[in-house]
Each structure stands twice: as structure tokens, then as C-alpha cells.
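Just so you know, all these numbers are worked out from the coordinates, no wet-lab data involved. These numbers were taken from a predicted model, which means no experiment stands behind them. Don't worry about glycine lacking a Cβ; one is built from the backbone with ideal geometry, like all the others, and counts go over all protein chains shown.
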Amino acid sequence: MNREKLKQEIIDYSKKIGIDKIGFASADVFSELKERLKRQQNLAYYSGFEKGSVEERTEPERLLPEAQSIISIAIAYPSRMENPPKSTKEERRGIFCRASWGTDYHVILRDRLEKLSAFIKEKVPEVKDKLMVDTGELSDRAVAERAGIGFSGKNTSIITPEFGSYVYLGELVTNIPFIPDEPVDDSCGECTKCLDACPTGALIQGGQLNAQRCIAFLTQTKDYLPDEFRTKIGNRVYGCDTCQVVCPKNKKIDFHIHPETEPDPEIAKPKLQPMLRISNREFKETFGHISGSWRGKKPLQRNALIGLAHYKDVSAVTEIIQVMQHDPRPVIRGTAAWSLGKIGTAEAFAAIEHALAIEKDEQVRYEMQKGLDFRHEVSAR
């Protein structure tokens with residue numbers, strides 16, 4: 001087998017099937033990453049969504065015993081949408097992060113990786129491989145960095161020379177010992193714009209993230225959102241792009257290469273009030289094809305309530321009262337009461353008082369009391 005010839009054939013084929021960047025890395029242990037993950041674990045900076053142990057995340061041979069190389073791929077996605085709908089006083093809107101604008105990127109990347117795997121198997125029938133997309137054990141970013149796709153920026157995103165950080169990443173672990181590509185030089189320099197702009201201070205220092213404070217993580221949790229973050233989330237219903245938007249490497253970066261990554265504006269910037277009453281079936285039909293739906297509707301509805309409070313949307317009061325009175329989920333009832341208090345109309349406070357008199361759940365009652373406490377803010381306006 002001529003490995004150099006095969007490598008070039010794979011590169012050529014990748015362009016035909018819609019892979020924007022491809023790189024080859026060794027399957028050696030990710031020693032530096034291992035130490036960093038252990039530090040993250042000790043500091044409790046984990047999100048809890050990570051798959052596998054530290055060893056599984058840094059030792060490719062644990063995932064494929066014959067591992068010799070890892071093929072890393074990147075697919076660019078848009079940073080701007082055409083004719084985005086405006087949020088108005090009559091119809092307040094939320095926003096999904098850019099990585100969740102089009103078809104679920106797991107589907108897109110898996111399609112490309114499966115085609116790549118099939119192509120390699122045609123050339124080398126005895127090959128062994130394992131593909132991973134985000135939900136796998138390996139760190140997509142660590143693999144991409146080693147494979148020369150881009151460098152790891154201070155915002156912890158892989159930044160490519162061509163597409164900035166607006167790329168989806170996936171990898172194929174294989175037993176073929178390809179010649180590895182050279183990593184890309186880090187060019188963040190002295191810039192700290194992402195650290196300075198992070199709404200919650202989640203970027204502790206360049207390249208270190210406390211996921212427990214990251215809005216992208218917080219929007220995906222299902223419990224009550226801690227108070228300190230409720231005023232930071234704004235109208236985000238899923239994810240956060242701040243550290244990417246402010247990055248100078250992303251200035252004027254906007255690629256519309258793949259139709260499946262294009263956003264439906266009505267889904268990417270959804271009306272908030274209708275999200276409060278959406279049924280499971282409607283939710284699946286409307287949002288089921290995007291990655292932002294993976295945790296179900298509960299976190300998004302909680303975030304929508306916080307978004308309406310952010311706007312102090314008086315027109316939503318009647319709708320939110322219905323949620324507070326009738327929703328069977330304590331987190332949603334409690335967040336609705338808090339939201340009503342932030343909006344701060346007489347009708348809202350009266351409804352909270354009425355609901356508090358019959359509410360049995362202690363945490364919901366606590367949230368209702370917090371909602372009533374906003375009277376002091378309203379009287380001081």
C-alpha cells in the first residue's frame with residue numbers, strides 16, 4: 001500500500017463529498033490534554049456532558065486498539081443569516097447559536113465520515129476504523145489541532161485560517177499509519193477580546209473554560225438557572241456565540257457552502273411566546289432536526305421565559321400566568337413566576353400571590369416569593 005498516494009486520494013475525494021478541510025494526525029496519547037482535563041476535573045470546571053473517562057478521551061488506542069492515525073475533518077457553517085426577522089414589542093424573539101442554525105451537525109458530519117470510511121475501505125478492504133462526532137470520547141478540538149485544521153484559540157475554539165472558528169469538527173480513527181500533517185501556529189497573540197467579552201467570566205484564562213459558568217452550557221441545563229446568570233442570558237434560547245463574534249479572526253467570515261447548514265430564520269430566531277405552549281409533537285416537527293433540540297423542550301421553554309423577562313414583555317403576561325398556573329413541571333412554573341415578577345405589572349404580581357396561596361412545591365414557592373420581591377424594583381422605577 002502506497003500510503004502517500006492513498007492520503008492524496010482521500011484528500012481529493014474529501015473535496016468531492018463536501019469536506020472543507022481535512023488533516024491527518026498521529027494516534028499518540030494526547031498527554032498535554034490529559035493533564036489539562038485532570039486540572040479541569042479537580043477544579044470542577046466540567047459540564048457533565050463529556051463522554052468517557054480522561055483516559056478514553058486522550059488515548060485513541062482505548063477506542064481502537066489498532067489505532068495508528070486520526071483523520072480530522074472540518075465543515076464550514078454560516079455566521080450570518082439573510083433577512084433575519086426582527087424582534088418587535090408585539091413579537092419578541094429568541095436566538096439559537098450559529099452552530100445550531102441548520103441541520104444537526106452530527107448528521108452532517110456523520111454523513112461525510114461514513115462516505116470517507118467507505119471510500120477508504122474500497123481502497124484498503126482490511127482497514128479498521130472508528131468515526132466520532134462530538135458525542136465520541138476524543139476531543140474533536142485536540143484532534144483538529146494536532147491534524148493542522150487550525151489552532152486552539154483563547155476562546156477554546158479551533159480557529160482555521162480560512163473559515164475562522166465557524167466550523168464543525170469530526171474524526172476517523174484508523175489503523176493506517178498516515179504521515180501526519182503539521183499543526184497550525186497559534187496566532188491569538190496578545191488579544192484578549194474573547195476573555196473580556198464573555199458575559200459570565202467563563203473563560204478563566206486563554207484556553208481554559210469553566211463550563212459551569214458558560215452560557216452555552218447553562219442554556220442546556222434542565223434545572224433552575226442560578227440567579228446570577230438569569231440577567232446574563234438575554235434572549236438566548238440555546239447556546240452562545242459571544243466569544244466567537246468578538247474574535248478578530250472571525251471578522252468578515254461568513255461561508256454559505258452547504259445548503260444543510262443554512263438557517264430557517266423562523267427557527268433560528270423563534271418567537272418566544274409560542275414556545276411556551278408548544279406541544280411535544282410540534283416541538284419535534286419544528287425543532288427536531290437541529291442540534292439545539294437534543295435536550296428536549298424544557299430547557300428552551302425555561303430560557304424563553306427568561307428571555308421574555310429580559311424584554312419585560314408586558315404582552316406576554318397573560319401567557320406566562322397560564323404557564324405558572326397550569327404547567328406540571330416545577331422548574332417551568334417557578335421560572336414563570338420569576339419572569340412575571342421581572343416584568344412587574346400589577347396583573348403579574350396579583351397572579352403570583354394567588355398562585356403562591358395554593359402552590360405546594362417548596363422550590364416553586366421560593367421562586368414565587370422572589371418574583372414578588374421585584375415589587376421593590378418596580379416601585380423604584
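With the requirement that a residue be buried (at least 22 other Cβ atoms within 10 Å of the Cβ), of a type in the set (Phe, Trp, Tyr) and either outside any strand (DSSP E or B) or on the phi > 0 side of the Ramachandran plot (or both), what does segment 96-126 give you?
Answer for segment 96-126, where residues must be buried (at least 22 other Cβ atoms within 10 Å of the Cβ), of a type in the set (Phe, Trp, Tyr) and either outside any strand (DSSP E or B) or on the phi > 0 side of the Ramachandran plot (or both): Trp101, Tyr105.
Is segment 222-237 home to any residue that is of a type in the set (A, V, I, L, M) and within 17 Å of Ser157 (Cβ to Cβ)?
Initially, segment 222-237 is screened for residues of a type in the set (A, V, I, L, M), giving 225, 233, 237.
Right, trim to within 17 Å of Ser157 (Cβ to Cβ) and you get none.
The answer is no, given that none of the residues of segment 222-237 is of a type in the set (A, V, I, L, M) and within 17 Å of Ser157 (Cβ to Cβ).
Among the residues of segment 241-255, write down those that are of a type outside the set (A, V, I, L, M) and either under 26 Å from Thr135 (Cβ atoms) or assigned to a helix (DSSP H, G or I) (or both).
Selection gives Asp241, Thr242, Cys243, Gln244, Cys247, Pro248, Lys249, Asn250, Phe255.
Would segment 88-95 turn up any residue that is of a type outside the set (D, E, K, R), touching a Phe, Trp or Tyr at 6+ places or on another chain (Cβ under 7 Å), closer than 20 Å to Ser293 by Cα and crowded, with 20+ Cβ neighbours inside 10 Å?
At the first step, the residues of segment 88-95 found to be of a type outside the set (D, E, K, R) are 88, 94-95.
Narrowing the set further to residues that are touching a Phe, Trp or Tyr at 6+ places or on another chain (Cβ under 7 Å) leaves none.
So far as segment 88-95 goes, no, none of its residues is of a type outside the set (D, E, K, R), touching a Phe, Trp or Tyr at 6+ places or on another chain (Cβ under 7 Å), closer than 20 Å to Ser293 by Cα and crowded, with 20+ Cβ neighbours inside 10 Å.
I'd like to verify a number: residues in segment 50-83 that are more than 20 Å from the chain's Cα centre (by Cα) and either more than 30 Å from Asp181 (Cα to Cα) or of a type outside the set (S, T, N, Q) (or both), how many?
The qualifying residues number 16.
Hey, could you check segment 184-203 for residues that are β-branched (Val, Ile, Thr) and farther than 20 Å from Ala142 by Cα and say which is surrounded by the most Cβ atoms within 10 Å (Cβ to Cβ)? Explain how you work it out, then say what you get.
Narrowing segment 184-203 to residues β-branched (Val, Ile, Thr): 184, 192, 200.
Subsequent filtering for residues that are farther than 20 Å from Ala142 by Cα retains 192, 200.
Numbers: Thr192: 13, Thr200: 17.
Among them, the one singled out is Thr200.
If you scan segment 144-184, which residues turn out to be in a strand (DSSP E or B) and polar (S, T, N, Q)? Lay out the reasoning, then the answer.
Taking segment 144-184 as the starting set, the residues that turn out to be in a strand (DSSP E or B) are 151-152, 158-160, 164, 167-174.
Across segment 144-184, the qualifying residues are Ser152, Thr160, Thr174.
Return the residue satisfying two criteria in turn: it lies in segment 15-35 and is surrounded by 13 or more Cβ atoms within 10 Å (Cβ to Cβ) and free of Cβ contacts under 8 Å to residues at least 40 places away in the same chain, and of such residues it is farthest from Phe178 (Cα to Cα). Don't jump to the end; show me each part of the working.
Let us first name the residues in segment 15-35 that are surrounded by 13 or more Cβ atoms within 10 Å (Cβ to Cβ), namely 17-30, 33-34.
When the remaining residues are screened for being free of Cβ contacts under 8 Å to residues at least 40 places away in the same chain, the result is 28-29, 34.
Values: Asp28: 13, Val29: 16, Lys34: 23 Å.
Checking each candidate, the answer is Lys34.
How about segment 145-169: which of its residues are acidic (Asp, Glu) and either over 11 Å from Ala76 (Cβ atoms) or free of Cβ contacts under 8 Å to residues at least 24 places away in the same chain (or both)?
Let us first name the residues in segment 145-169 that are acidic (Asp, Glu), namely 145, 162.
Within segment 145-169, Glu145 is the sole residue that qualifies.
Among Leu113, Leu131, Leu138, which is the only one that is in contact (Cβ under 8 Å) with a residue 12 or more places away in the chain and in contact with a Pro (Cβ under 9 Å, 6 or more places away or on another chain)? Explain how you work it out, then say what you get.
Values: Leu113 fails: in contact with a Pro (Cβ under 9 Å, 6 or more places away or on another chain); Leu131 fails: in contact with a Pro (Cβ under 9 Å, 6 or more places away or on another chain).
Criteria check complete, one pass: Leu138.
Phe229 passes all but one of (1) within 18 Å of Trp101 (Cα to Cα); (2) touching a helix residue (DSSP H, G or I) at 6+ places or on another chain (Cβ under 6 Å); (3) not in a strand (DSSP E or B); (4) not charged (D, E, K, R); which number fails?
Phe229 satisfies every listed condition except (1).
So Glu66 fits all but one of (1) in contact (Cβ under 8 Å) with a residue 60 or more places away in the chain; (2) part of a strand (DSSP E or B); what number is the exception?
(2)
Which ranges mark the helices (runs of 4 or more DSSP H) fully within segment 269-363 that have 2 or more residues being of a type in the set (Val, Ile, Thr) and over 30 Å from Pro259 (Cα atoms)? I'd like the intermediate steps shown before the answer.
Numbers: elements: 272-276, 280-287, 297-311, 317-326, 330-343, 346-356.
In segment 269-363, the matching helices (runs of 4 or more DSSP H) lie at 317-326, 330-343.
Which of the residues that make up segment 367-381 are over 13 Å from Met324 (Cα atoms), in a helix (DSSP H, G or I) and in contact with a Phe, Trp or Tyr (Cβ under 9 Å, 6 or more places away or on another chain)?
Of everything in segment 367-381, those that are over 13 Å from Met324 (Cα atoms), in a helix (DSSP H, G or I) and in contact with a Phe, Trp or Tyr (Cβ under 9 Å, 6 or more places away or on another chain) turn out to be Lys370, Leu372, Arg375, Val378.
Tally up the residues in segment 303-359 that are among the polar types (S, T, N, Q) and either within 18 Å of Phe229 (Cα to Cα) or under 28 Å from the mean Cα position of the chain (by Cα) (or both), please. Steps first, answer last, please.
Taking segment 303-359 and keeping what is among the polar types (S, T, N, Q), we get 303, 315, 318, 322, 325, 335, 339, 345.
Then drop every residue that is not either within 18 Å of Phe229 (Cα to Cα) or under 28 Å from the mean Cα position of the chain (by Cα) (or both), which leaves 303, 335, 339.
Final tally of qualifying residues: 3.
Of the residues Asp129, Asp186, Asp223, which single one is at negative phi, out of contact with any helix residue (DSSP H, G or I) (no Cβ under 8 Å at 6 or more places or on another chain) and of a type outside the set (A, V, I, L, M, F, W, C)? First the steps, then the outcome.
On the way: Asp129 fails: out of contact with any helix residue (DSSP H, G or I) (no Cβ under 8 Å at 6 or more places or on another chain); Asp223 fails: out of contact with any helix residue (DSSP H, G or I) (no Cβ under 8 Å at 6 or more places or on another chain).
Every option except Asp186 fails the conditions.
With the structure loaded, tell me whether Lys249 is touching a residue at least 60 places away in the same chain (Cβ under 8 Å), more than 17 Å from the chain's Cα centre (by Cα) and closer than 22 Å to Tyr166 by Cα or whether it fails that test. If you could, list the steps in order and put the result at the bottom.
Numbers: touching a residue at least 60 places away in the same chain (Cβ under 8 Å): yes; more than 17 Å from the chain's Cα centre (by Cα): yes; closer than 22 Å to Tyr166 by Cα: yes.
Judged against the criteria, Lys249 is a match.
Could you say whether any residue in segment 336-349 is without any contact (Cβ under 8 Å) to a residue 24 or more places away in the chain and either more than 19 Å from Asp223 (Cα to Cα) or in contact with a strand residue (DSSP E or B) (Cβ under 8 Å, 6 or more places away or on another chain) (or both)? It would help to see each step written out before you state the result.
The initial filter retains those residues of segment 336-349 that are without any contact (Cβ under 8 Å) to a residue 24 or more places away in the chain, namely 346.
Narrowing further to those that are either more than 19 Å from Asp223 (Cα to Cα) or in contact with a strand residue (DSSP E or B) (Cβ under 8 Å, 6 or more places away or on another chain) (or both): 346.
Yes.
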